[in-house]
1. If a residue has to be closer than 24 Å to residue 92 by Cα and surrounded by 12 or more Cβ atoms within 10 Å (Cβ to Cβ) to count, how many in the range 30-64 make the cut?
2. I'm trying to understand the selection: among the residues of the range 151-183, which are charged (D, E, K, R) and buried (at least 23 other Cβ atoms within 10 Å of the Cβ)?
3. Please count how many residues of the range 97-110 are of a type outside the set (Ser, Thr, Tyr) and either assigned to a strand (DSSP E or B) or within 17 Å of residue 12 (Cα to Cα) (or both).
4. Give the residues of the range 46-60 that are more than 13 Å from residue 111 (Cβ to Cβ) and either hydrophobic (A, V, I, L, M, F, W, C) or modelled with pLDDT under 95 (or both), sorted by residue number.
5. Of everything in the range 1-31 that's of a type in the set (Asp, Glu) and either within 16 Å of ligand 2 (Cβ to nearest atom) or without any contact (Cβ under 8 Å) to a residue 40 or more places away in the chain (or both), which residue is nearest to residue 144 (Cα to Cα)?
6. Of all residues in the range 111-138, which are outside any loop (DSSP other than H, G, I, E, B) and surrounded by 21 or more Cβ atoms within 10 Å (Cβ to Cβ)?
7. Please work out if residue 151 is touching a His at 6+ places or on another chain (Cβ under 8 Å) and among the hydrophobic types (A, V, I, L, M, F, W, C).
Amino acid sequence: MRALIVIDVQNDFCPGGALAVPGGDEIVQDINALMADFNAVILTQDWHPAGHSSFASSHEDKNPYDMIEMPYGPQVLWPDHCIQGSMGAKFHMELHQDRADLIIRKGYNPKIDSYSAFFENDHETPTGLEGYLRTRGISELTMVGLALDFCVNYSAVDAAKLGFDVTVRQDLCRAIDLNGSLAAAQDGMREAGVALT
Ligand code: VGL
Ligand code: ZN
């Protein structure tokens, strides 16, 4: 069984949004068209409470894109984005969200960011997605969405480590590319055994 996992195609990651990924809206129609080829369609939704610890605004004397040390490791600080219930947290208007079997939200823990669809950034608190996929007999995953070098990357690497067969369709992703993060992410995904196409 094969699932399409659509990562964070939300207004805040599209042009005009709070953490806009260049060209983030260009991939929506082709993602919609791909949905019919899979046994299951799963959407992830970045879903932060106001004042989340990954926001630069929650820390004194910090600016967006600064790095800080969190109890679970280094963390990039972001502009406020994807606040629960906001317009920015909604999916892109044209994304076929009605086709989703499951919408998995992440980043709701105020103290821990969660790039991956499988684990929070402490790499141990699960989101529950692994159990959902296994109980449905899904072993092959294709990932698309935003951003290639953060949430797609973390999700793909975690899935490969968990033993899923993972393909990332890079043509249906867009990247933030912060200080070489795209090249590093591509290397990391390849090393983890993710197929990059
Ligand atoms: C993401 C930064 C912060 C992403 C989410 O979806 O890649 N990036 N939150
Ligand atoms: Zn976020």
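1. At the first step, the residues of the range 30-64 found to be closer than 24 Å to residue 92 by Cα are 30-52, 54-55, 64.
Among the residues that remain, those that are also surrounded by 12 or more Cβ atoms within 10 Å (Cβ to Cβ) are: 30-32, 34-35, 38-50, 52, 54-55, 64.
Counting residues in the range 30-64 that are closer than 24 Å to residue 92 by Cα and surrounded by 12 or more Cβ atoms within 10 Å (Cβ to Cβ) gives 22.
2. Filtering the range 151-183 for residues charged (D, E, K, R) gives 158, 161, 165, 169, 171, 174, 177.
174, the sole residue that qualifies.
3. In the first step, residues of the range 97-110 are kept if they are of a type outside the set (Ser, Thr, Tyr); the result is 97-107, 109-110.
Among the residues that remain, those that are also either assigned to a strand (DSSP E or B) or within 17 Å of residue 12 (Cα to Cα) (or both) are: 97, 102-107.
Adding up the residues that qualify gives 7.
4. Those that are more than 13 Å from residue 111 (Cβ to Cβ) and either hydrophobic (A, V, I, L, M, F, W, C) or modelled with pLDDT under 95 (or both): 47, 50, 56.
5. As a first pass, look at the range 1-31 and keep what is of a type in the set (Asp, Glu): 8, 12, 25-26, 30.
Right, trim to either within 16 Å of ligand 2 (Cβ to nearest atom) or without any contact (Cβ under 8 Å) to a residue 40 or more places away in the chain (or both) and you get 8, 12.
Values: 8: 9, 12: 17 Å.
Within the range 1-31, the match that is nearest to residue 144 (Cα to Cα) is 8.
6. Selection gives 119, 129, 133.
7. Numbers: touching a His at 6+ places or on another chain (Cβ under 8 Å): no; among the hydrophobic types (A, V, I, L, M, F, W, C): yes.
So residue 151 does not fit the description; no.
This table checks each residue for (1) under 19 Å from residue 1 (Cα atoms); (2) hydroxyl-bearing (Ser, Thr, Tyr); (3) within 15 Å of the chain's Cα centre (by Cα); (4) within 16 Å of ligand 2 (Cβ to nearest atom).
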position: 106; (1), (2), (3), (4): no, no, yes, yes
position: 116; (1), (2), (3), (4): no, yes, yes, yes
position: 125; (1), (2), (3), (4): no, yes, no, yes
position: 143; (1), (2), (3), (4): yes, no, yes, no
position: 157; (1), (2), (3), (4): no, no, yes, no
position: 164; (1), (2), (3), (4): yes, no, no, no
position: 167; (1), (2), (3), (4): yes, yes, yes, no
position: 172; (1), (2), (3), (4): no, no, yes, no
position: 178; (1), (2), (3), (4): no, no, no, yes
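The values are calculated or read from the model by the stated rules, or taken from the named source; none is laboratory data. All values derive from a computational prediction rather than experimental measurement. Don't worry about glycine lacking a Cβ; one is built from the backbone with ideal geometry, like all the others, and counts go over all protein chains shown.
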